[in-house]
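The values are calculated or read from the model by the stated rules, or taken from the named source; none is laboratory data. Note that this is a predicted model, so its numbers are computed, not measured. Because the Cβ atoms are built from the backbone with ideal geometry, glycine has one as well, and the counts that use them run over all protein chains shown.
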Amino acid sequence: MESTRNSFLNKEGNVMKEIEYGWLEDFQKYEENKEKGRCLLLPHRSKESCLHEEASPYKLSLNGEWRFLYHINPNTLPHGITEDEFDDSLWDLITVPSVWQLEGYGKPVYLGASYPYPVDTTPEKIPHIRQDLNEVGIYKRDFTIPESWNGRQVFVHFGAAKSAMQVFVNGKEVGKSKGSMTPAEFCLTPYLRPGKNSIVAIVYRFSDATYLENQDMWSFSGIYREVYLFSEPSVRLRDCWVQSDFNEDFSCSFNKLFFEAQNFTNEPQTLHLSAMLYKDGQTYPLGKCRLVVAPGSCSAECIESDFARPLLWSAETPHLYQILLETRTEQSAAEYKAFTYGFRKIEIKENVLYVNGKNIKLKGVNRHDFDPDHGWAVPRERYLQDVLLLKKNNINAVRTSHYPDDPYFYDLCDRYGIYVMDECDLETHGVRDYIPQDNMDLVAPCSDRLERMIYRDRNHPSVIIWSTGNECGAGAVMQEMYKIAKQLDPTRLVHYESDYRPSCSDFSSRMYFPPNALEKMALNEEVTPQDVGVGGQSIPQEIFPFMQKRFTHRVEDIANRPIILCEYAHCLENSMGNFQEYVDVINRYDNISGAFIWDFCDQSIRQFVNGQERFLYGGDFDEGASNTYFCANGIVQSTREPHPALYQVRKSYQNILMFTTDSAFQVHVRNENRFISLSDYLLVWRIECEGVKIAEGNDQNFNLEPMQSGVWRPDYDFAKLPSGECFLTVEFRLKEDCEWARQGYVVAYEQLLIQKAETQLLSVQEGEKNAALVCEEQGRTIKFSNDVVSIRFDTRNGFINSLAFHGNDVISTPVVPCFYRSLTDNDRGMANFFPPLGLMGVPGMQWKDIHKKLKLINFSYETKGSTVTVRSCYTHRLLKSLQLIYQIDTAGKVELVMTVIPAESPFRIGFTTQIAHSFSQYEWYGRGPFETYCDRKSAALISQYQSNIDELQQQYMRPQENGNRTDIRFLKVKNAAGDGFCVRDKSGNGFNFSAHPYTLDDLDKAGHIFELPSRETVSLYLDGYMCGVGGDSPGFAFLKHPYYIHADTEYTQKIEISPL
C-alpha cells in the first residue's frame, strides 16, 4: 500500500524529518526501536530500600501535566511539530495518564462487536483507515535527567497508549509502538543532551492495530497508564523469570531462575548475580552465577536450586516471598532488584484442573479496566476497591477481559489471593471471519502482543492461565499463538474459546451455555441450539447464524480437557436469573473447572450537570452508531455500588455449604475450601419466629478441615419453639481482622426452615362492636362502608375505585389487575441488537395497560352475615378467563382474589394502584432487604425489614423493571403518623411487591435515571406472580420453566388489605 507522507520543514526550508503515515495501515509495522518485553523491575542502590519497596532513585515520573494539541487527520499536522523550536504556547494542558475523550477532546464511542466509522471493514480493503477522520493527540513535555544518572542508560516507559504511538526526543524520532495494553519502552540515551530535554509522543486513535483490538468496550485513545523515565547501568539485568516444580507431596520445590543480561558497552562484560529468597525476616540463598555478555548484546543464564517446605500460594493462602537479585560488575557497585513470588503448581490431571495438588473451582468474573470518571486511566484506589470487592463476595478468579490490565492489579491479586486468566489484547470480533484466520502474515503482529504480556506478567503467582485472545475466529494463527505461549511458559495453562480444537486450548471453553447444556457437556453428550432457550426455542439462525456454532458441542470437542465457561451469566442490568442453578452444575462435576460471569462493572461514564450526577452510555455523545446501553453488564455499577446480582454471586460462590435433612434440627456443613480449615471463622446462629429473633448463640469450636463435611446442632431446646413460621440462620464470620475484611465479616450463611406456619400471620380480630356494612348505590358506583372501612366499586369496570380506613383514603387511583412490567434489557430480546426497530414485536408489549381493554361480562355482589362478596368477570383476547372476587368484612379486612388463565405468557399477575406519596414507609416480612426475583432470590433472607420509598428503588443505568421483593408474608404501608394499611398473603405462597415514585409509562419512556420524574403519587404493585429476569445469554431472558408464567394455566392470587 502506498505510503502517505507529510514533510516537516525547518526555518531554512530544508527537509528536517519525514513522518511516514503508511505504518498506520500496515500490520507488519507493529513496532520500531521498541524494547523487548520484560518483567518490570527497577534498580535500587541498597537491598533494604529494594525489599521495603521504597521509591527507586532511578525512576523519574512523567505523570502530570503535558502540553497537548488535539488534531484530526495526521496528513495535515502542522509542519515541524516535533521540533524544539515549534511554538506550543497556545497548546492546551492535559493530564497524563488519561484518555482524551474524557478530557474534552473528541467523542467516546461504544460498540460491542463492530468498528468505528473511520475503520474500513470491507474484507479486501483491510487494513484501511479514513485518515481524514483519524484523531491525533500530540503530547509534549520537558524533563531534566538527574545528575546521579550520568553514565547510565536511560529509558522511557509508557504503560499504555491507544492505538498507535510515535515518540520523539529533542526533535529526533525514537521509535514506534502498537499494541495498546502492554508497555512501550524505548532507550533514550542516544537522543539525550545535558540539561533540559523535550519529549513528544504522537498518539493516533485508529490504526491497523484497531482491527486487532475490537473488544466490547468504549473506544478511547490517549496515554492512559503510567509514564516514567528509568535508568540502568551499562551492564544490566534486563529480565528474569522463575519456574518451579515440586515433589509429590509439595514438601520441596525445584526452582529454575532464568536471567538475561544486556551489555551496552563496546567491550565484553561479566555480570555477577546472586539470588536470595526472603520471608518474615528469614533469608534463604538461591544461588549465584556469572554472565559473560558480548558487546552490544544479551546473554542468558539459569540458576537451579531446591527449597524445602515452601509455603504454597493459592487464592485461599496467598503466601508470598521476595526474591532479591544483586548484580555487580568489576567496575560498578552492586545494584538490587526484587519482586514478589509465590510457590504454586498448575496442572491438568484426568481432565480436572489442579492447583498445588487440589482440584479447584474458578468462581470467576470478567473484568474491564474501567473507571466512570477516567475511563481506562483507572486510579490505584479503584484497583484496591475492586480486589476487596472480589474477596468479600467470594469471587476467587478474574479474566482480564479482553487485554492485560495495569501491573498494579496483578500485584494486588498476588497479595490478596485472586486467580487470574491473563488475556492477550487480541480480538477481531467484527471481522473475525476474515482475520486472523489462516493468514500467517498476522502471526508476528498477533504474537507480539502475547509475548509482551507473558514477559511482563509471568512472575505473578496469581496468573495461572494465559488466554491467547477473544473472539478472533478459528484458524492456524490461533494455533500458532497456543504454541508460542507454551514455548514461553510451559508451567501455565493456555486458553482460547473460539477455536474448539485441542491445538488451540488446554480447556474445552464455551460462552453462555445454559445450565442444562453445560451439564450435558460435562457428561460428554452432544449439545445443540435446541438445548438453549425455553421449551426447545433456539437462537434464530437467520439472525445469528454464528450462534448456531457457539451453542453446538460435539463429543470430540472435549478431547479429555477440563471444561470452562469463559463467559456466562450475562448480567445485562436487571439480570443474573437462575445463577444458583449454574453454580450447582459447576460444583457437581469435577471436570468443570469453573466459569467467569460477564461482567464485573458497568461501563457507564459519569458526568455532573448543574450538580446533578448523570451516568451516560453509548449514543449519549452524538457519536453515531452505537450499541447504547449494552455497556452495562456489571454485577456492580461503574462507581462500584453493588447491583442486587452481586449479593446472589456472594451467596452462590460461598465456600461453606449448609443444608438440613430429615434429621431433626441438624445442619450438615461442608467446607468447600481446598486449602484452609474453618478454624478462622466463628459459627453464629439465630432463630427467628415470623421475623422476630427468639434465640441466638455461637460455637467457638466448630471446625472442619478442607473438603470435609460434618454435622452441627444449635444449643437450643426446640420444644420451646413458639407457634408460627421459624427459621434458623447460620453464619460463618471472621474471628479476627484479615487483610481484606474486618472481624465479624460474614463469609458464608444459610437460612433453614425449621417450622412451618400453622396460623395466619398478623391475624386481625374482628371487633364485636363494628357496625354492619351499609350498601349505597350511587349512579355507576356502589359503596360498602361502616365506621372502619369505606370501599367503592365502579360498576362499569368492576374495579375498586376508592378505599378508606377510618375516614382516611389509602388509594389515589383504582385497584386494577396488572400483567405488564417495564421491560428489562433481557425482556427486550431482539430489540437489544436492532435498536431502530424500537419495541415493535417485543413479546409482552401487548400486556401493557390491558386493564383498560378488559370487557366486563358480569358484576354482582351479595351479603352473607358480616361479609360482603363482590364478583367481576372479564373477557379479553389475551385471557381465557379472568375473575376478581372481593370479600369485605366489618373489621375492614378486604380480601382480593384473582383467578386467571392467560392465553399467552404475561410478565406478572397482580394488582396495582397509586397511593399518596405521604405513604413513604414500608415494613415487610419476606425476603430482603434488597431486590429479588423468583430466579434470583436465595441470597435474601426471610425476615422483617423496613425501608422508605427511595430505598426501595434499584437504579439501573437504563430505567427498567426494578425493586421487586419476593415471598412476602405481609406488607405494612405507613405515613409519618403511622397510619396506613397492611397487605397479607392469603395463598400460603407469598406475594411480590414493589413501589415506585413514578409510573410504568415513565419507566418505559426514560432513557436515563435522571430523566425519571418524581410523581406526587406512588405506584404500588402487589403481584401473586412475577416472571424471573433470566440472563443465560446476552440480551435474552430465556427464562427457565419454573420462572415464567405459562399460557393455558390457571393462576390464583389471594391477598388481604386491612387497616393498621
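Structure data summary
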item	result
Subset of the range 254-275 [closer than 16 Å to Ser244 by Cβ and surrounded by 20 or more Cβ atoms within 10 Å (Cβ to Cβ)]	Asn255, Leu257, Phe259, Ala275
Only listed residue being at pLDDT 95 or above and part of a loop (DSSP other than H, G, I, E, B), chosen from Leu646, Leu683, Leu704	Leu704
In the range 690-715, the residues that are buried (at least 18 other Cβ atoms within 10 Å of the Cβ) and free of Cβ contacts under 8 Å to residues at least 60 places away in the same chain	Ala695, Leu704, Pro714
Meets criteria (closer than 17 Å to Phe186 by Cβ and either touching a helix residue (DSSP H, G or I) at 6+ places or on another chain (Cβ under 7 Å) or in contact (Cβ under 8 Å) with a residue 40 or more places away in the chain (or both)) for Lys47	no
Hits in the range 868-895 - residues which are β-branched (Val, Ile, Thr), surrounded by 15 or more Cβ atoms within 10 Å (Cβ to Cβ) and touching a Lys or Arg at 6+ places or on another chain (Cβ under 9 Å)	Ile885
Out of Gly1024, Gly1031, sole residue that is under 26 Å from the mean Cα position of the chain (by Cα), assigned by TED's automatic domain parsing to the domain that holds Thr824, crowded, with 20+ Cβ neighbours inside 10 Å and in contact (Cβ under 8 Å) with a residue 60 or more places away in the chain	Gly1031
Breaking point among (1) in contact (Cβ under 8 Å) with a residue 40 or more places away in the chain; (2) not in a loop (DSSP other than H, G, I, E, B), for Tyr403	(2)
Residues (among the small types (Gly, Ala, Ser) and within 28 Å of Arg674 (Cα to Cα)) located in the range 698-723	Ser709, Gly710
Scope the range 581-619; condition under 26 Å from Cys631 (Cβ atoms), assigned to a strand (DSSP E or B) and hydrophobic (A, V, I, L, M, F, W, C); matching residues	Ala595, Phe596, Ile597, Cys601, Ile605, Phe608, Val609, Phe615, Leu616
Per-region count, the range 716-738, residues under 27 Å from Asp414 (Cα atoms) and surrounded by 15 or more Cβ atoms within 10 Å (Cβ to Cβ)	3
Residue match in the range 911-925 (condition: touching a residue at least 40 places away in the same chain (Cβ under 8 Å) and either of a type in the set (Lys, Arg) or over 30 Å from Asp950 (Cβ atoms) (or both))	no
Residue that is surrounded by the fewest Cβ atoms within 10 Å (Cβ to Cβ) [pool: residues in the range 173-204 that are of a type in the set (Phe, Trp, Tyr) and either at pLDDT below 95 or more than 12 Å from Ile223 (Cα to Cα) (or both)]	Tyr191
Options Glu381, Glu350: the member that is loosely packed, with under 15 Cβ neighbours inside 10 Å, charged (D, E, K, R), at pLDDT below 95 and out of contact with any helix residue (DSSP H, G or I) (no Cβ under 6 Å at 6 or more places or on another chain)	Glu350
Count - residues of the range 372-400 that are assigned to a loop (DSSP other than H, G, I, E, B) and in contact (Cβ under 8 Å) with a residue 12 or more places away in the chain	11
Lone qualifier among Thr121, Thr95 - being under 29 Å from Asp620 (Cα atoms), part of a strand (DSSP E or B) and either among the hydroxyl-bearing types (Ser, Thr, Tyr) or under 32 Å from the mean Cα position of the chain (by Cα) (or both)	Thr95
Some residue of the range 140-155 being in a strand (DSSP E or B) and crowded, with 24+ Cβ neighbours inside 10 Å	no
Residues satisfying the stated conditions in the range 739-751, i.e. surrounded by fewer than 17 Cβ atoms within 10 Å (Cβ to Cβ) and either part of a loop (DSSP other than H, G, I, E, B) or out of contact with any Asp or Glu (no Cβ under 9 Å at 6 or more places or on another chain) (or both)	Glu739, Ala741, Arg742, Gln743, Gly744, Tyr745
